[in-house]
Amino acid sequence: MATTKPHAALLASPGMGHLIPVIELANRLFTHHNFDVTVFTISTGTSPATQSQHLTSNLFNVVTLPPIDISGSVDPNADISIQLLAMMRQSIPSLRSAINSMKSRPTALVVDFFSTASLAMADEFGMLKYVYMPNAALFAAMTLYAPAMNKNVESEFDSENELLTIPGCRPLRFDDLVDAVQDRTGQMFDDYARVGAEMSTADAVLVNTWQDLDAITIGALRNHKVLRETIKVPVYPVGPLTRQAQPSDSRSGVLDWLDMQSRGSVLYVSFGSGGTLSSQQMTEMAWGLELSRQRFVWVVRPPMENGALDYLNATNGCDGSLDFLPNGFLARTKDVGLVIPMWAQQAEILAHTSVGGFLSHCGWNSTLESIVNGVPLIAWPLFAEQSMNAAFLTEEVGVAYRPKVSPSKGVVMREEIEKMVRLIMEDNGMNSKRAKAKELEKSAVQALSKGGSSYNSLSQVAKNCQMKLNEHVICCD
Ligand code: UDP
């Protein structure tokens, strides 16, 4: 007798920011929607120790596919997105043989943004196929719409205001767009549009957001005539799927320090799994924090000029030295601040009641982790789609402040940092960013509760998988 429980095979691209949301989707499918789950990851050879902690689960199987060598086909200095797309394309044969050798054939293949090339393989095995976007709905909409965009960049913009409009969505400023869409003449846009076209072949696209947070774009993706005619594939909001704080036996010193601070008094400063600042910006940030006289926890990494990042290995190789911080900074701030080299327990920190603000690079996981804890943000975008997220948080949701000059374009000076830090930490009025964050914290819980919008979306996926499974049982038993 074949199994009667649907089985989802989830493929995660390398990088903590990609792995964490896939693991959270795996947990959710297992605990709330009665799935068996297998998570496939790619060994990068130098994966940070933090990765293996996340991959220890007794809820689902983890299969690590062999490392991929792209050195012969991709310039090592190419954009990280080009490297990841190539890596995931080359992983298809090993994914195919891993699925082929599984005793119970998965019912559905779920891939992320970088792995849409493997969707065609789901057809070979008679599996349903889904794309999981751990991003805001607007990034999903823009990617799906990309194949319909004009490659002649000029013509798509309202030239006076330099705005790009995806039908039915909030217009986007040129400066906030991802590099691939700013310049549509090169390989990056071709790759991006191909991902969008491949996404459209899926049975559905799952987005890690929820109705109340992302109402405008979700509304457009569901109902806007032009957008629907262009993208066709159904889009389901399934979030917010975020890492939960772990039990107290894995506590680090920072949580003990937070225990001693008063409620909502600490600003958390961090730039995701791979972000850091230039030397000059590091100095301005340190001074800005010090001048604000607010309490802070700051995750620091050695400075890198020109926004250079080693996204896949950023948590490796820390020698603990902090001599890139301004002279005397640590001594002068020792009673109000804590500096943590390289990596911190972010989920636990943001869930702590002493944390009242988050200066964040606006990676989508960090953004959600902040909002589900009712913590307002200072948006500090560095790369990828983070500027779009920053604009979304400040202009559409109203849960963040943002510096006048984007940190990805120039240096933000200490006076402005000091002012924004004070604003966010002292912001307590009825219509404040904090009030908005608290309101969204509640609506996030509702979306995921039984009968909530995101719960229902995953129930629909479960229903489709169950139907597929029943067809298979009828035809093959
Ligand atoms: N993270 C963490 N500790 C750190 C830095 C990051 O636990 O010191 C986690 C963070 O909680 C989030 C993920 O790494 O879940 C980063 O994902 P995000 O989408 O925010 O940014 P990315 O790393 O992709 O730029």
Rounded to the nearest 10, the angle in degrees between the Cα long axis of helix 80-90 and the longest principal axis of the Cα atoms of the chain comes to 20 degrees
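What does DSSP give for the chain in terms of the percent of beta bridges that are antiparallel, rounded to the nearest 5? Walk me through the intermediate numbers first.
On the way: 3 of 48 bridges.
Of the beta bridges lying entirely in the chain, close to 5 percent run antiparallel.
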Overall dimensions of the range 56-122 as given by Cα atoms, namely Rg and Dmax in Å: 13.6, 41
What Kirkwood radius, in Å to one decimal, follows from the Cα pairs of the chain? 23.1 Å
Checked the range 311-427 with the C-alpha gyration tensor, a ≥ b ≥ c its square-rooted eigenvalues, rounded below a/c of 1.5, otherwise prolate if a/b is larger than b/c and oblate if not; verdict rounded
Residue-wise HN-Hα coupling along the range 265-274, computed from phi with Karplus coefficients 6.51, -1.76, 1.60 (Hz; x: Gly, Pro): 9, 10, 8, 9, 10, 7, 10, x, 7, x
Compute the angle between helix 187-199 and the longest alpha-carbon principal axis of the chain, please, reported from 0 to 90 degrees and rounded to the nearest 10. 50 degrees
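Any chance you could run the full-extension gain for E162 through K232? It's 0.36 nm times the residue separation minus the Cα-Cα distance, nm to one decimal. Display every interim value, and only then the final one.
Values: separation 70, 0.36 × 70 = 25.20 nm, distance 2.75 nm.
Here the answer is 22.4 nm.
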Answer in debye to the nearest 20: the dipole magnitude of the chain about its Cα centre, from +1 Lys/Arg and -1 Asp/Glu charges placed on Cβ, is 1220 debye
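Any idea what the alpha-carbon Rg over 2.2 N^0.38 Å comes to for the range 183-255? Provide the component values of the computation, followed by the final result.
Details: Rg = 18.1 Å, N = 73, 2.2 N^0.38 = 11.2 Å.
That works out to 1.61 for the range 183-255.
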Largest-first principal axis extents of the Cα set of the range 319-388 (Å): 35, 30, 21
Extension gain (nm, one decimal) between K438 and H32, 0.36 nm per residue minus Cα-Cα: 143.7 nm
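If exposed means no more than 15 neighbouring beta carbons inside 10 Å and the site is in a DSSP loop, what's the longest run of the chain without any exposed GluC sites (Glu not before Pro)? Walk me through the numbers on the way to the answer.
Details: sites that count: E160, E162, E426.
Value returned for the longest uninterrupted segment is 163-425.
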Can you compute the modelled spin-label distance between S97 and S449, with each label point 7 Å from Cα toward Cβ, in nm? 5.0 nm
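Using a ≥ b ≥ c from the Cα gyration tensor of the range 361-438 (square roots of the eigenvalues), is it rounded, prolate or oblate, where a/c under 1.5 gives rounded and otherwise the larger of a/b and b/c decides, a/b for prolate?
Numbers: a/c = 2.05, a/b = 1.18, b/c = 1.73.
Since a/c reaches 1.5 but b/c is at least a/b, the shape of the range 361-438 is classed as oblate.
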Roughly what percent of Cα-Cα pairs across the range 67-225 reach past 22 Å? 49 percent
Could you state the angle between the C-alpha long axis of helix 279-292 and the longest principal axis of the C-alpha atoms of the chain, as a value from 0 to 90 degrees rounded to the nearest 10? 60 degrees
Find the Cα radius of gyration of the range 156-298, compare it with 2.2 N^0.38 Å by division, and give the number to two decimals. 1.46
If the chain between A120 and D75 were fully extended at 0.36 nm per residue, the gain over the current Cα-Cα distance would be 13.6 nm
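Holding the Cα-Cα limit at 24 Å, pick out from K334/K419; K129/K463; K334/K442 the pairs that are longer than that. Before the final figure, lay out the partial values.
Details: K334/K419 21 Å; K129/K463 14 Å; K334/K442 35 Å.
Beyond 24 Å: K334/K442.
No value in this document is a laboratory result; all are computed from the given coordinates. Just so you know, these numbers come straight off a predicted model, no measurement behind them. All Cβ positions, glycine included, derive from the backbone under ideal geometry; neighbour counts span all protein chains shown.
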